1. Can you tell me which residue within the range 33-64, out of those that are in a helix (DSSP H, G or I) and touching a Gly at 6+ places or on another chain (Cβ under 6 Å), is nearest to residue 14 (Cα to Cα)?
2. So is residue 22 at pLDDT below 90, surrounded by 10 or more Cβ atoms within 10 Å (Cβ to Cβ), aromatic (Phe, Trp, Tyr) and at negative phi or not?
3. Test residue 13 against the stated conditions and say whether it is surrounded by 10 or more Cβ atoms within 10 Å (Cβ to Cβ), outside any helix (DSSP H, G or I) and of a type in the set (A, V, I, L, M, F, W, C).
Amino acid sequence: MSRTAGRRPKKGLDWFKKDVDYYEDFKVMDLINEYGPLGSTIFDCILCMIYREGYYLELPIDKLCLAV
């Protein structure tokens, strides 16, 4: 018997891979230089929201701001 018998299929991901050189990426470095650590934190938060839904998030900007 399967361990997941009776469960509904989950939408999206429970986790996503993060490279160890993430903070050495020039785009992330630029984000941190412009907005400080909060900029990187908000970027991570938005990535989690996107991946939780399965690679795409359709959300009005005002709702996104409230969620973050």
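The values are calculated or read from the model by the stated rules, or taken from the named source; none is laboratory data. The shown structure was predicted, so the numbers you read here are calculated from the model rather than taken from an experiment. We place every Cβ from the backbone using ideal geometry, glycine too, and count neighbours over all the protein chains shown.
1. Top of the filtered list is 52.
2. Spelling it out, residue 22 is indeed at pLDDT below 90, surrounded by 10 or more Cβ atoms within 10 Å (Cβ to Cβ), aromatic (Phe, Trp, Tyr) and at negative phi.
3. Yes.
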